[in-house]
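Step one of this worksheet: look at the structure below.
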2 protein chains.
Amino acid sequence: MLYALTQVQFQKMLKNLAAILDKAAVHAEAKKFDVAVLLNARLAPDQFPLIRQVQIACDSAKLGVARLIGDVENAPKHDDSETTLPQLQQRITETLAYLASVSEAQFEGAAERHISQPRWEGKYLSGSEFAIEHAIPNVYFHITTAYAILRHNGVDVGKKDYLGPLPYKL
Amino acid sequence: MLYALTQVQFQKMLKNLAAILDKAAVHAEAKKFDVAVLLNARLAPDQFPLIRQVQIACDSAKLGVARLIGDVENAPKHDDSETTLPQLQQRITETLAYLASVSEAQFEGAAERHISQPRWEGKYLSGSEFAIEHAIPNVYFHITTAYAILRHNGVDVGKKDYLGPLPYKL
């Protein structure tokens, strides 16, 4: 299930985020202001602005999957230099391409893998703990915060943009 | 894994939310304003205020689990009448009690269960689709939005308050 929760669902959420950012561009154009104003908007003076929220959402998804499958060294590197909306969309596109390149077979043993990060000073979580208590909450946090920044600034986004289409069956 | 993702993790997240709301009360007292100002704060004129974000976070968790285990009729009813912080905390407490009452055995078959809601007009999702694409993203959305409303209003909350403690091992 970790594959469905991360490789699959993170792609869906990043595509939703890309569509939300497109709505920000449409809004800025309609109101005749530079979309960079939105990219640099934040909800509090000491909180990251929209650009950084998108960058961290991408990294939480990319590194979440890469750590689960033990593939951090092969994940694409990003130096957080994006300043424009096309650059941010490219960041999302590259993250999506990496996630799409990962197969379900690579998740074998992921739930039990010992996962660490430099800042954890040698401590680790199991793969399932890492996914459930760290990677998944982080991806949703940064996508929701990006959404909230745009919502606060008048962009016409709603819950359906965040959740994306659901695979209803009759 | 649906048990760990929902019954267990939703309890953790609602406890984190309760602690974040306590920080809001401390902030209001220090700044000498009524915490009700924060409870009624929102990020956009047509977005739900903090009270409603907390109510929906509770319901997304409660009904997410109840639907997965086919127990909606036994889940506690709430009529969304909370107006004060103690009432909201009570709502969280009752939601936590319901989640804690659910056993892992009750999740047997949950991934394949057909899950519907009145507004879906007879359509359904499988239990795993419902959990991964609806319940989990919704719980994180409303908790993050509650957090964002408080962060925007100067309450001293950070990512650690949102994620809660992690079960690091050496």
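Below are the figures for this structure:
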quantity: Some residue of the range A:64-75 being closer than 19 Å to A:Val157 by Cβ, surrounded by fewer than 18 Cβ atoms within 10 Å (Cβ to Cβ) and in contact with a Leu (Cβ under 7 Å, 6 or more places away or on another chain); calculated: no
quantity: Test: A:Ala97 is touching a Pro at 6+ places or on another chain (Cβ under 9 Å), surrounded by fewer than 22 Cβ atoms within 10 Å (Cβ to Cβ) and assigned to a helix (DSSP H, G or I); calculated: yes
quantity: Count - residues of the range A:35-60 that are within 19 Å of A:Phe10 (Cβ to Cβ) and basic (Lys, Arg); calculated: 1
quantity: Members of the range B:29-62 found to be assigned to a helix (DSSP H, G or I) and surrounded by fewer than 18 Cβ atoms within 10 Å (Cβ to Cβ), listed by number; calculated: B:Glu29, B:Ala30, B:Lys31, B:Ala36, B:Val37
quantity: Of all residues making up the range A:103-136, the number that are open to solvent by 70 Å² or more (accessible area, probe 1.4 Å) and in a loop (DSSP other than H, G, I, E, B); calculated: 3
quantity: Qualifying residue in the range A:1-9 (condition: within 14 Å of chain B (Cβ to nearest Cβ) and touching a Pro at 6+ places or on another chain (Cβ under 6 Å)); calculated: no
quantity: Filter result for B:Leu38 (touching a residue at least 12 places away in the same chain (Cβ under 8 Å), in contact with a His (Cβ under 8 Å, 6 or more places away or on another chain) and farther than 21 Å from B:Pro137 by Cα); calculated: yes
quantity: Of all residues making up the range B:76-86, the number that are open to solvent by less than 80 Å² (accessible area, probe 1.4 Å) and either among the aliphatic types (A, V, I, L, M) or not in a loop (DSSP other than H, G, I, E, B) (or both); calculated: 1
quantity: Condition met for B:Lys160 (surrounded by fewer than 18 Cβ atoms within 10 Å (Cβ to Cβ), facing another protein chain (nearest Cβ under 7 Å) and not aliphatic (A, V, I, L, M)); calculated: no
quantity: Unique match (being out of contact with any helix residue (DSSP H, G or I) (no Cβ under 8 Å at 6 or more places or on another chain), within 11 Å of chain B (Cβ to nearest Cβ) and not β-branched (Val, Ile, Thr)) among A:Glu121, A:Glu108, A:Glu133, A:Glu73; calculated: A:Glu121
quantity: First in the range B:116-130 and in contact (Cβ under 8 Å) with a residue 40 or more places away in the chain, second anywhere and buried (at least 17 other Cβ atoms within 10 Å of the Cβ) and β-branched (Val, Ile, Thr), Cβ under 8 Å, 6 or more apart; calculated: B:Gly127/B:Ile115; B:Phe130/B:Ile115
quantity: Yes/no for A:Lys169 being in contact with a Phe, Trp or Tyr (Cβ under 8 Å, 6 or more places away or on another chain), more than 24 Å from B:Thr145 (Cβ to Cβ), surrounded by fewer than 18 Cβ atoms within 10 Å (Cβ to Cβ) and not aromatic (Phe, Trp, Tyr); calculated: yes
quantity: Every residue from the range A:148-157 that is open to solvent by 10 Å² or more (accessible area, probe 1.4 Å), more than 8 Å from chain B (Cβ to nearest Cβ) and either in a helix (DSSP H, G or I) or polar (S, T, N, Q) (or both); calculated: A:Asn153
quantity: Number of the exception - A:Gln89 against (1) in contact with a Phe, Trp or Tyr (Cβ under 7 Å, 6 or more places away or on another chain); (2) assigned to a helix (DSSP H, G or I); (3) not hydroxyl-bearing (Ser, Thr, Tyr); calculated: (1)
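The values are calculated or read from the model by the stated rules, or taken from the named source; none is laboratory data. Only a predicted model underlies this, so the values are computations on that prediction, with no experimental measurement involved. Cβ sites come from the backbone with ideal geometry, for glycine too, and all protein chains shown count toward neighbours. Side chains are part of the model used for accessible areas, which takes the heavy atoms of the whole protein and leaves out ligands, DNA and RNA. Shrake-Rupley method; radii C 1.70, N 1.55, O 1.52, S 1.80 Å.
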